[in-house]
Amino acid sequence: MIPDPETGAILFMSEGDVFRADYDGSNPRRLTQGGGVQSIELNPDGTLSVIRNGTLNVMRHRAPQAPVENVAFRADWTRDVRKERRAAFQQFWREFNRGFYDANFHGRDWVALRKKYERYLPSVGHRAEFATILNEMVGELESSHSEVGAAGGGPRSQSSAHLGFLVDYTYDGPGIKVRAVPERTPGWYAKSKLNPGDVVMTINGKDVRPDEALYRDVLNEQVGRELNLKVRGTDGTVREVKYRAPSGGEMSAIAFNTRLENRRRYVEQKSGGKLTYAHIAGMSGGELERFNQQVWQRMPGKKGLIIDVRNNGGGNTSDQIIDILERRPNAYYQLRDEAPILGPGQAPNVPMVVMHAETSYSNAEMYPSAMKARGLAKLVGKPTPGYVIYTGGFTLVDGTSARMPGTGTFRLDGSPLENMGQVPDFDVDITPEQYMAGIDPQLDKAIEVLMRDVK
């Protein structure tokens, strides 16, 4: 709010526009329309400087209609990159010095580390090298969630499309042999059907082999575009198949979901229908909702539940999931000619096993730890890595991004989860050969353990 000393009026911003009112707030008048005003300042000559949508304007607010003129200007400046990086280094060190969750810095001398790495600054020639120095320095604290990312800029990265099927790499050509076509991939549908044993001879008119040139010359920058495949079937006939090229991420998601569905079927079949299986891919709101849908669609009639948090990057919903799983029935509801329904709803009240491994991170490590502490489940798998801490992010003056652990996480006995991951009750290995063959001894152990508790 700015008073006009000549007229006694008041100038102020509201709803993204400039207003003028009498000294007592009466008779307000909107001087601009459409919003976008970011700041105003009264000039010595009585005009009003207005920054609107990033541009500088001058308003003669005392004149009728309060005309506005754009101010064109040019400002040159010299950027000293070395001084900027030194300032960014000092900023990074200060942020950790006053904000890192452990005042003892995990037993390291933070002042000495500053001196150790500051001497490398004159040798830095690129923003990526600067980020590497900061990563090396903070890495000496041996704390997770403290990554440093180089400032943005540079050429755009390229991406290659996925073939849309799995390749038989024992076949060296000519062409590319189809090993398998997972469900819901492009070659799975009737109009674009591919079969194991088919050989793709050309893609978009280019001869292909399972080599580097396939991704460099044929699939590069083709995500979302149509692929035209010339295919020789196992009977020797040649046909044309067309479909939209999927990304690697799309294919990974399809393969992942197919694997989870196969695990559920396996658990239910091997347990004679007594158990079911649910996977939590991340400790996020969306995954929490998905977990609820999985469990309450599959739980009716089941006597045990396996919850899998392997391949889970973490998040913050562990406590919410446990709140649900701790519910116990206190009543039941009876409809005429229907089976009784226990209440409250979504109260499993059955034995449970939680599966975790080296690929369970952060909040996905807190979850099995809490389930064990609350006596809700037995644990099967491998020890988690111990990347458990709450973190926040900040940006340095040169655009470098950084994360800093600000809150530690501890068990009730005082032991930290950071660098001391959760150990399972039943430690079970999976060999690379077993994984590639689709054999999951950890899941078999979870079924075995849970079946002992099922009545």
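The values are calculated or read from the model by the stated rules, or taken from the named source; none is laboratory data. These numbers were taken from a predicted model, which means no experiment stands behind them. Glycine gets a Cβ as well: all are built from the backbone with ideal geometry, and neighbour counts include every protein chain shown.
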Would you confirm, using the coordinates I've provided, whether Tyr215 is assigned to a helix (DSSP H, G or I), in contact (Cβ under 8 Å) with a residue 40 or more places away in the chain and of a type in the set (Phe, Trp, Tyr)? yes
Grab the strands (runs of 3 or more DSSP E) fully contained in the range 25-85, keeping just those with 2 or more residues being aliphatic (A, V, I, L, M) and surrounded by 14 or more Cβ atoms within 10 Å (Cβ to Cβ). 37-42, 48-52, 55-59
Unique residue being touching a residue at least 12 places away in the same chain (Cβ under 8 Å) and more than 22 Å from Asn363 (Cα to Cα) when the list is Asn262, Asn311, Asn316: Asn262
Of Pro368, Pro351, which residue is out of contact with any helix residue (DSSP H, G or I) (no Cβ under 6 Å at 6 or more places or on another chain), buried (at least 17 other Cβ atoms within 10 Å of the Cβ) and touching a residue at least 12 places away in the same chain (Cβ under 8 Å)? Pro368
Could you check, for the range 59-80, whether at least one of its residues is closer than 30 Å to Trp110 by Cα and out of contact with any helix residue (DSSP H, G or I) (no Cβ under 8 Å at 6 or more places or on another chain)? yes
Of all residues in the range 134-165 being surrounded by fewer than 19 Cβ atoms within 10 Å (Cβ to Cβ) and within 30 Å of Asp198 (Cα to Cα), the one that is modelled with the highest pLDDT: Ser160
Which condition number does Tyr101 fail, the rest of (1) assigned to a helix (DSSP H, G or I); (2) surrounded by 12 or more Cβ atoms within 10 Å (Cβ to Cβ); (3) not acidic (Asp, Glu) being met? (1)
What is the number of the single condition among (1) part of a strand (DSSP E or B); (2) touching a helix residue (DSSP H, G or I) at 6+ places or on another chain (Cβ under 9 Å) that Gly164 does not meet? (1)
Would you point out which residue out of Gly248, Gly233 is surrounded by fewer than 17 Cβ atoms within 10 Å (Cβ to Cβ) and within 30 Å of Leu443 (Cβ to Cβ)? Gly248
Within the range 279-307, restricting attention to residues that are within 29 Å of Ala339 (Cβ to Cβ), under 21 Å from the mean Cα position of the chain (by Cα) and of a type in the set (D, E, K, R), which residue is surrounded by the fewest Cβ atoms within 10 Å (Cβ to Cβ)? Glu289
Filter result (touching a Phe, Trp or Tyr at 6+ places or on another chain (Cβ under 7 Å) and either part of a loop (DSSP other than H, G, I, E, B) or small (Gly, Ala, Ser) (or both)) within the range 299-358: Val309, Gly313, Gly314, Ser318, Pro340, Gly343, Gln346
Do we find a residue being outside the structural domain of Glu129 (by TED's automatic domain parsing), touching a Pro at 6+ places or on another chain (Cβ under 6 Å) and closer than 9 Å to Gln422 by Cβ anywhere in the range 370-380? yes
